[in-house]
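S.K.: Here it is: the structure, laid out below.
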Amino acid sequence: MDALFIGQTYIDVTLLADEMPSGDDKAVARDYAVSFGGNAVTAAFACGKLGIVPDLIASLANDWLGRMFSDMAARYGLMLHPRPVRRSSLSFVIPNHGKRAILRARDDNYLHPYPNLNLDGCRALHLDGHQADAAIAYAKACREKGIMTSIDGGGLRANTHDLLGFIDVAVVAERLCEQMKLTPAEMLDYLKGRGCRIGAVTLGERGTVWMDEAGEKRHLAALPVPAERIVDTSGAGDIFHGAYVYSYMAHPDWNWEQHFRFSRAASAHSIQHLGNEASLPTLKDIEATRAAFERD
């Protein structure tokens, strides 16, 4: 395997609507998309679309939504290692002027232990904190083998502090800062204290603050995509993660600023499309996005 991603599977239903009904009202959406979802899962699809197809340990139910997801993974060539659950998890996503509201129904009661995979040839591990037992076990194993470990710190979980002790590249959301009552700068210090080689906090339209290998704090502005072209920001962070994992493997001579500039363009492309699948960029999409919006 080239890379391993571990996370929770969702089926995302994204609805583009001008209003949300309440009470006994009804409304009709202007558009919709149905696709795979989940943080590390979407990142895995993004990495695969760019050209390096990873293995994926993800929850999977034996129901019609689970079979839909299996078909999606097969279409992208992902090597799926399912961890059984009884019911598929579902997300309803409502984009709203550059933000998004999400309502989720999740089954994370795993029926069997996580699969034990051979890591020979693996160059990167990416986690989102779900499947806590698998996450910590594979993070430890990859650290021992010198395999780059990455985490999407979207929110505080019971295992976050311990897991970060085995992570090389930690890219977290501003939400985690709020939950831990830390400023973004303080979060970078915290990540460095946990032993992370690279740390970053994504701030949406305000860009990314990050810490390089020398511990220097930097800021990378978001690309200036016009507001009228922004359709759906859901999944943009997941695609950011998948893109830098791809970049790390495809361009081992690049530094982390180059990896993050590449992934920034992947996210800027994604927010102009509805639903996770339509948002996945190709290499040509990233080149076009950089040519159109990159000024620094």
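S.K.: Do you know which of the residues in the range 24-79 that are under 24 Å from D285 (Cα atoms) and aromatic (F, W, Y) is surrounded by the most Cβ atoms within 10 Å (Cβ to Cβ)?
M.R.: Among residues in the range 24-79 that are under 24 Å from D285 (Cα atoms) and aromatic (F, W, Y), the one surrounded by the most Cβ atoms within 10 Å (Cβ to Cβ) is F45.
S.K.: Going by the conditions given, is L4 crowded, with 24+ Cβ neighbours inside 10 Å and touching a Phe, Trp or Tyr at 6+ places or on another chain (Cβ under 7 Å)?
M.R.: Yes; evaluated as a whole, the condition is true for this residue.
S.K.: Let me ask something additional. Return the residue satisfying two criteria in turn: it lies in the range 283-296 and is charged (D, E, K, R) and in a helix (DSSP H, G or I), and of such residues it is most open to solvent (accessible area, probe 1.4 Å).
M.R.: Taking the range 283-296 as the starting set, the residues that turn out to be charged (D, E, K, R) are 284-285, 287, 290, 294-296.
Filter once more, keeping what is in a helix (DSSP H, G or I): 284-285, 287, 290.
Details: K284: 160, D285: 48, E287: 122, R290: 65 Å².
Residue satisfying both the conditions and the ranking: K284.
S.K.: Now for a different question. Of all residues in the range 231-282, which are assigned to a loop (DSSP other than H, G, I, E, B), open to solvent by less than 10 Å² (accessible area, probe 1.4 Å) and out of contact with any strand residue (DSSP E or B) (no Cβ under 8 Å at 6 or more places or on another chain)?
M.R.: Residues satisfying the conditions are L280, P281.
For (1) assigned to a loop (DSSP other than H, G, I, E, B); (2) open to solvent by less than 20 Å² (accessible area, probe 1.4 Å); (3) aliphatic (A, V, I, L, M), each residue gets a yes or a no:
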position: H126; (1), (2), (3): no, yes, no
position: A141; (1), (2), (3): no, no, yes
position: D152; (1), (2), (3): no, yes, no
position: H161; (1), (2), (3): no, no, no
position: L182; (1), (2), (3): yes, no, yes
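S.K.: When R157 is evaluated against the numbered criteria (1) out of contact with any Gly (no Cβ under 6 Å at 6 or more places or on another chain); (2) assigned to a loop (DSSP other than H, G, I, E, B); (3) surrounded by 13 or more Cβ atoms within 10 Å (Cβ to Cβ), which criterion, by number, is the only one it fails?
M.R.: Status for R157: all satisfied but (1).
S.K.: Here's something else I'd like to know. Which pairs turn up if I take residues in the range 218-237 that are closer than 28 Å to G38 by Cβ and look for partners that are in a strand (DSSP E or B) and open to solvent by 40 Å² or more (accessible area, probe 1.4 Å) with beta carbon separation below 8 Å, at least 6 apart in sequence or on another chain?
M.R.: So the pair list comes out as D232/R100; T233/K99; T233/R100; S234/R100; S234/I102; G237/T202.
Here is a yes/no grid of residues against (1) without any contact (Cβ under 8 Å) to a residue 60 or more places away in the chain; (2) among the aromatic types (F, W, Y); (3) closer than 19 Å to I271 by Cβ:
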site	(1), (2), (3)
V13	no, no, yes
S22	yes, no, no
G51	no, no, no
D55	no, no, no
A61	yes, no, no
F69	no, yes, no
G77	yes, no, no
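S.K.: Could you list, in sequence order, the residues of the range 92-107 that are assigned to a loop (DSSP other than H, G, I, E, B) and either in contact (Cβ under 8 Å) with a residue 60 or more places away in the chain or more than 30 Å from D2 (Cβ to Cβ) (or both)? Quick ask: steps written out before the conclusion?
M.R.: Of the residues in the range 92-107, the ones assigned to a loop (DSSP other than H, G, I, E, B) are 97-98, 106-107.
Listed by number, the residues that qualify are H97, G98, R106.
S.K.: Please state which one of E186, E228, E213 is surrounded by fewer than 14 Cβ atoms within 10 Å (Cβ to Cβ), at negative phi and part of a loop (DSSP other than H, G, I, E, B). Give the steps one after another, and end with the answer.
M.R.: Details: E186 fails: part of a loop (DSSP other than H, G, I, E, B); E228 fails: part of a loop (DSSP other than H, G, I, E, B).
After applying the criteria, what remains is E213.
The values are calculated or read from the model by the stated rules, or taken from the named source; none is laboratory data. Bear in mind that the values here come from a model prediction, so they are computed numbers and not experimental data. When we count neighbours, we look across all protein chains shown, and the Cβ atoms used for this are built from the backbone with ideal geometry, even at glycine. Surface areas here come from the heavy atoms of the whole protein model, side chains and all, with no ligands, DNA or RNA. Shrake-Rupley method; radii C 1.70, N 1.55, O 1.52, S 1.80 Å.
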